[in-house]
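The structure appears right after this line, and notes come after that.
The values are calculated or read from the model by the stated rules, or taken from the named source; none is laboratory data. Everything quoted here is computed from the prediction, not taken from an experiment. Reconstructed Cβ throughout: ideal geometry from the backbone, glycine too, with neighbour counts over all protein chains shown. Side chains are part of the model used for accessible areas, which takes the heavy atoms of the whole protein and leaves out ligands, DNA and RNA. Shrake-Rupley method; radii C 1.70, N 1.55, O 1.52, S 1.80 Å.
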Amino acid sequence: MVLATIAFVALALLPFGAKQFGDSDVHINARTLAGAVRGEVPWREVGVNRLPFTTLYYGLPYLAIPTGSSEQVYWKAAFIWNFIGVTGSLLLLRRAAVAIGGDGSGDLAVWLALLSPFAIYYALAISAEAPAWIMATVMLYGWARWQRSAKFGALVLFTLGLSGTILSRPNAVLVLACAFVCGLLLWRRQRSQAVLALVASTSALLISILAGAVASSLPHPAGERSGLENFAYVAFHGSFQYRDEPLDWRGWDDETRSGSSDYALWVNTRRTLETTSEQTGESLTSLQLRWILNDYLEHMPLRLRMALTRAGALHVGMTNAMTPNQFHLGPLRGFLGWVLFHVAANASTFVAIPSAVWFLISQRRRFLELWPAWGPWLSLTVFHALIYGEARYLVPARPGLMLLAGCGLACLLRRVKASRSVVASRSEVASPTSGRFIGPS
């Protein structure tokens, strides 16, 4: 709790950070939902966008905000809510790691999470990252409870966490396929683990479909894209990310990408499709999806290279608030300061990934059972490598990554300690100055 508070304060004092109202649609919809629950807004005005759980998540603290309050009052309520949720989830992450990896795993997992505190960074804003992180951690805690005692309560907790993660970040839906396959493969040898995977994945799929149907039936605020329109929009500009500039990892917006040839190509191509849409009457979404399909068929090697570049870039957090030459943070200034800051900010991830992989290799007989930890990581990496990627999209996968890394480091430290004990014992036996006589008298 104390360490999390220190991390929140430190990140809040940075001269840059996530936008307070990063997901403005979520904020507006959550505010309207809270007003409708209080009877101050007609229910016909309530809209739930593509992130239904996130809207509900922020709608709860908004219930306590009087009508007519300023935007800053809403942000403060969301911040307090995020602080409570993220801090509590770190405690759940610690318990889950101990249950899977033994003593020491929990502390290491939390330390790794705090050393690269992406969840806390985005918890300072109204965005999908905080609720996605929290629900992913709830899922891991439910999984850990199931290992100790395969009871209905643990299954419910796990399913709710899995569903909440997907409804906060629908791009994580591939994890359901991963869970279902692992459940089938585990059926004969680990029936309890198979039941968890199959029941939870099926239930989460049904919950997601139901939530999607409810969201679709509600009115959409003016200017808000539907799920398909949003997918086409993101996948279309993702078709230009790292296309001719594989080393340009800046954010994707007018201000940040000034002078980028990839960004300019996207703008020009989009204008061409918009003109075609106006002339033919065909929807822009349909034109974008067809363009993407043709581009995949015609430039498969290029698409593969772009996907590999994105897979790497997804794991590196970067700030776009300052250019390298303009960077300043205490004694860190200029290009060198920019480099040192990003090395420090990502150091935990650089340690966590090989540690997690090593743990999975060392526990390869349990690989399928460990899918709740590596499934979201793999699913989100594959999806965003193929479509469009930013490091924040992997936030729901980080609890599982940190759990695996904490278990791996704890296991490695125990082995080192054990080998040192053996060496020390042999040295004591073999040393002529040990003061002991070994052998027959």
To the nearest 10 degrees, the tilt of helix 105-115 (Cα long axis) against the first principal axis of the alpha carbons of the chain is 50 degrees
The simple spin-label model distance between residue 36 and residue 199, using points 7 Å out along Cα→Cβ, in nm, is 3.3 nm
The equivalent-ellipsoid semi-axes of the stretch 155-222, taken as the square roots of five times the Cα gyration tensor eigenvalues and listed largest first in whole Å, are 28, 10, 9
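To two decimal places, what compactness ratio does the stretch 31-149 give when its Cα radius of gyration is scaled by 2.2 N^0.38 Å?
Against the compact-globule rule of thumb, the ratio is 1.25.
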For residue 187, other-chain or 5+-apart residues with amide H closer than 5 Å (H placed, Pro excluded) are none
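Would you mind telling me the share, in percent, of accessible area of the stretch 146-285 contributed by carbon and sulfur at probe 1.4 angstrom? Mind dumping the intermediate values first?
Working: 4460 of 7300 Å².
C and S atoms contribute 61 percent here.
Pull out a ≥ b ≥ c, the square roots of the eigenvalues of the alpha-carbon gyration tensor of the stretch 289-368, then state rounded if a/c is under 1.5, prolate if not and a/b is larger than b/c, and oblate in the remaining case. List each step's numbers first, then the result.
Details: a/c = 3.83, a/b = 1.19, b/c = 3.23.
Here the stretch 289-368 falls in the oblate category.
Relative contact order of the chain: what whole-number percent is it, with Cα pairs under 8 angstrom and at least 6 residues apart?
Details: 618 pairs, mean separation 90.9, N = 441.
Dividing the mean separation by the residue count of the chain yields 21 percent.
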Partner aspartates and glutamates whose C-alpha sits under 14 Å from that of residue 417, ignoring same-chain residues fewer than 8 away, are 103
For the stretch 298-338, the percent of accessible surface on carbon and sulfur atoms (probe 1.4 angstrom, ligands and nucleic acids excluded) is 67 percent
If each part is reduced to its alpha-carbon centroid, the stretch 328-356 and the stretch 402-424 end up apart, in Å, by 26 Å
Note to self: C-alpha centroids of the stretch 237-253 and the stretch 369-384 sit apart, in Å, by 24 Å
Looking only at lysines whose Cα falls under 30 Å of residue 19's and that sit 8 or more positions away or on another chain, we get 76
Whole-Hz Karplus couplings 3J(HN,Hα) for the stretch 258-266, θ = phi - 60° and coefficients 6.51, -1.76, 1.60, Gly and Pro as x, run 4, x, 7, 6, 4, 5, 5, 5, 4
For the stretch 71-86, in residue order, the Karplus 3J(HN,Hα) values (coefficients 6.51, -1.76, 1.60; θ = phi - 60°; whole Hz; Gly and Pro = x) are 4, 5, 5, 5, 4, 4, 5, 5, 5, 4, 4, 5, 4, 4, x, 5
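If I take every Cα pair under 8 Å that is 6 or more residues apart in the stretch 162-282, average their sequence separation and divide by the length, what percent do I get for the relative contact order? Before the final figure, lay out each step's value.
Working: 61 pairs, mean separation 19.1, N = 121.
Dividing the mean separation by the residue count of the stretch 162-282 yields 16 percent.
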Of the candidates 326, 293, 382, the farthest towards the positive dipole end of the stretch 289-388 (Lys/Arg Cβ +1, Asp/Glu Cβ -1, centred on the Cα centre) is 382
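Take every Cα pair under 8 Å in the stretch 74-166 that's 6+ residues apart, average their separations, divide by the length, and report that relative contact order as a whole percent. Before the final figure, lay out each step's value.
Values: 112 pairs, mean separation 28.8, N = 93.
Relative contact order comes out at 31 percent.
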One checks the Cα atoms of the stretch 158-304 and finds Rg and Dmax, in Å, of 19.9, 60
Nearest-0.05 FRET efficiency for residue 275 and residue 24 at R0 = 25 Å, using Cβ-Cβ distance, is 0.30
The answer for the stretch 192-336, accessible area per residue at 1.4 Å probe in Å², is 55 Å²
In vacuo Debye sum over C-alpha of the chain, base-10 log of normalised intensity I(q)/I(0) at q = 0.09, 0.13 Å⁻¹, listed in q order, is -0.64, -1.29
Quick numbers on the stretch 381-423, Rg and Dmax over C-alpha atoms in Å, give 16.7, 52
Computed on Cα atoms, the radius of gyration and Dmax of the stretch 20-72 in angstrom are 10.2, 27
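Keeping all protein chains in place, calculate the accessible area per residue for the stretch 1-132 (probe 1.4 angstrom), answer in Å².
Details: 5770 Å² over 132 residues.
With the other protein chains kept in place, the stretch 1-132 gives 44 Å² per residue.
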Karplus-derived 3J(HN,Hα) from phi for the stretch 275-280 (6.51 cos²θ - 1.76 cosθ + 1.60, θ = phi - 60°), whole Hz, x at Gly and Pro, runs 5, 4, 4, 5, 7, 9
